[in-house]
Amino acid sequence: MAVLRRALGPLLLFVVLTAAMTWPQVARLGTEATDHPDVYFNMWRFGWIAHAVATNPPRVLDANIFYPEKRTLTFSDAMPVEAVFAVPMLWAGVPPVLVHNLMLLGAIVFSALGIYVLARRLTLSAAAGITAGVIFAFAPYRFEHYMHMELQWTVWIPWAFWALHRTIETGRRRDGALTGLFIALQFLSSIYYGVFLAVLLPVVAALLLSGLRGERLRKSVIALAGGALLAGVLVAPYALEYARTAKATGFRPEEQVLMFSAKPSSYTVATDTNFLYGAWRPSKGRPERRLFPGILPLLLAVVGLLLRRPSRAAVSYLIALALAFEMSLGLYGYSFTFLYEHIPAFGGLRAPARVGVFVLFFLGLLAAWGHAALERIVAGPEGRGRRGRQAALAGVLGAILVAEYWVAPLPLVPYPNKAPQLYTWLAQQPSGVVADLPVVSSTRTLPGEDPRYAYLSTFHWMPSINGYSGYYPPSYLNRIEPLSTFPSGAATRALHRAGVRYVIVHTTSYEGEAVPAVLYALAADDNYTQLGSFADDRGQAVVYQLR
């Protein structure tokens, strides 16, 4: 409880900083979000889990996309921990866009708070903890993945290392169990980060344990082994579901993993929206490769390592940083290549560059030691003005970090919270498989409008042949070519084979004069009966029943 009481002030500070750094998000909290397909996907996942848990919990993995495929929720990160917080809000009637934004911004705030608590424990400096929090929460990596809900949920990483230090200091099994619990929570929040944490935390643990001897070493090892066992028990049922899915979907091809592997130069690139550095080194549109941590954090880390003899903990985190950096190089490096080839869990990871968040985490801790070292220097001898000088140092360092990371104002767009007319009507019709058209012209142009279609399905919950996720099943990919020719005979046969009952033609999604031609062809085709024309979220849509 004492830890939480001391963290109240920093918590409020991080709330204010998050609101400022993501402005005007907080002013449009219930209506707008960043313009990206994954925003639709995030809201669909929360919506589906809320619906399934309330209506048919055993079938929660069989989500309504990619009909007739099963286990479609496991085609991407299901985010069960995030759902624990989001689902009650949806049941209470909180608008989906508001739920989404609260979950996103809350993850940033509590990630900052977690590393603050850890850094304060390691450096004995609250100001140094705040510096670590700013680095971890607001570096360009955060804004590169601002649309990725699960990649913002780094909440449990700091607490896992916090519990690790407690376990090594006390040897208590309770602290070892806490370590395992936080590892499991991180895995259940983000599979990527859970897998990476399972590699990097044992490295730090081994380095810290190397300084122990005798009974204390024995107790710490037993406690951590118990924590590892607990983590395995908690994660195993979830991981096994993904292992079953992987047998059907296969692993990520090497060319895809290579595309999303970092390069050393990636750590010199900020996001395009970064005020200071965005135009300095353009990213040339390559996703996942905007990993610049800022100049001041690097300088502070060097200061912390050079101004005084580094502790075993500092050296351990420096080694872990080097390993995380090398892992983020993916198939351009060695460690990830070895893991990809020998451990099945890594075969399903498309973007090794995401290990970059651990580079940022470890760098934040090293920078906190640097801040603490400078704090001792400016404090000088005991006497008047000491606290003022330390506060001034914290203010200057904080201002520089905020300036390095500033991206506001963020570009935002509106998303629907309520069912458009079309979906209010559809929800009242007999259940049947839905096809939303048009689809993309080829697999190279995915995802098209499918993320939007998936989210809009939350207003009727009928099964849909459309879908959007981390994986696309072959059954869906094989339909793209014939459906792209809709309303041809090949498209109609594909819809029949899929068991489609309702065909929704979104007229605003067609280009030029295509709409009159499509509607004329459907009017002349005995396979289709028009049921009505309704407003969707962007314009008009015409609904047909497939005979």
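Here's the yes/no breakdown for (1) out of contact with any Gly (no Cβ under 8 Å at 6 or more places or on another chain); (2) under 21 Å from Gly133 (Cα atoms); (3) open to solvent by 20 Å² or more (accessible area, probe 1.4 Å):
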site: Arg6; (1), (2), (3): yes, yes, yes
site: Thr18; (1), (2), (3): yes, yes, no
site: Thr22; (1), (2), (3): yes, yes, no
site: Asn42; (1), (2), (3): yes, no, no
site: Ala52; (1), (2), (3): yes, no, no
site: Asn64; (1), (2), (3): yes, no, no
site: Ala83; (1), (2), (3): yes, no, no
site: Val97; (1), (2), (3): no, no, no
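Any idea which of Ala379, Ala345 is more than 22 Å from Phe138 (Cα to Cα), open to solvent by less than 10 Å² (accessible area, probe 1.4 Å) and modelled with pLDDT under 95? Spell out the reasoning first.
Numbers: Ala345 fails: open to solvent by less than 10 Å² (accessible area, probe 1.4 Å).
Answer to the selection: Ala379.
If you check Arg289 against the conditions, is it open to solvent by 30 Å² or more (accessible area, probe 1.4 Å) and of a type outside the set (A, V, I, L, M)? Before the answer, list the steps.
Details: open to solvent by 30 Å² or more (accessible area, probe 1.4 Å): no; of a type outside the set (A, V, I, L, M): yes.
Here the answer is no, as Arg289 does not meet what is asked.
Which helices (runs of 4 or more DSSP H) sit wholly inside the stretch 1-104 and have at least 1 residues that are under 25 Å from Asp450 (Cα atoms), over 16 Å from the mean Cα position of the chain (by Cα) and not acidic (Asp, Glu)? Show your work before the answer.
Details: elements: 2-6, 8-21, 37-55, 80-91.
Those helices (runs of 4 or more DSSP H) span 37-55, 80-91.
Give Ala391, Ala351, Ala368 a once-over and let me know the one that is over 30 Å from Arg252 (Cα atoms) and surrounded by 20 or more Cβ atoms within 10 Å (Cβ to Cβ).
Ala368
Name the residues in the stretch 421-441 that are within 22 Å of Ala514 (Cβ to Cβ) and either open to solvent by 40 Å² or more (accessible area, probe 1.4 Å) or part of a loop (DSSP other than H, G, I, E, B) (or both), would you?
Taking the stretch 421-441 and keeping what is within 22 Å of Ala514 (Cβ to Cβ), we get 422, 434-441.
The answer is Pro438, Val439, Val440, Ser441.
Report the residue count in the stretch 247-257 for those that are more than 20 Å from the chain's Cα centre (by Cα) and either assigned to a helix (DSSP H, G or I) or under 20 Å from Ala322 (Cα atoms) (or both).
5
For the stretch 169-183, name all the residues that are surrounded by fewer than 24 Cβ atoms within 10 Å (Cβ to Cβ) and either in a helix (DSSP H, G or I) or touching a Leu at 6+ places or on another chain (Cβ under 7 Å) (or both).
Step one: of the stretch 169-183, the residues surrounded by fewer than 24 Cβ atoms within 10 Å (Cβ to Cβ) are 169-175, 177-178, 181.
Across the stretch 169-183, the qualifying residues are Glu169, Thr170, Arg173, Arg174, Asp175, Ala177, Leu178, Leu181.
Looking at Gly448, Gly467, which one is of a type outside the set (Asp, Glu) and closer than 13 Å to Glu69 by Cβ?
Numbers: Gly448 fails: closer than 13 Å to Glu69 by Cβ.
Within the list Gly448, Gly467, the selection yields Gly467.
Taking the conditions exactly as written (open to solvent by 20 Å² or more (accessible area, probe 1.4 Å), in a helix (DSSP H, G or I), out of contact with any Cys (no Cβ under 6 Å at 6 or more places or on another chain) and small (Gly, Ala, Ser)), does Ala399 satisfy them or not? Even if it seems obvious, please write down each step before you answer.
Working: open to solvent by 20 Å² or more (accessible area, probe 1.4 Å): yes; in a helix (DSSP H, G or I): yes; out of contact with any Cys (no Cβ under 6 Å at 6 or more places or on another chain): yes; small (Gly, Ala, Ser): yes.
Criteria met by Ala399.
The values are calculated or read from the model by the stated rules, or taken from the named source; none is laboratory data. The structure presented is a predicted model; accordingly, all values stated were derived computationally and were not measured. Note that each Cβ is placed from the backbone with ideal geometry, even for glycine, and that neighbours are counted across all protein chains shown. We work out accessible area using only protein heavy atoms, side chains counted, and drop any ligands, DNA or RNA first. Shrake-Rupley method; radii C 1.70, N 1.55, O 1.52, S 1.80 Å.
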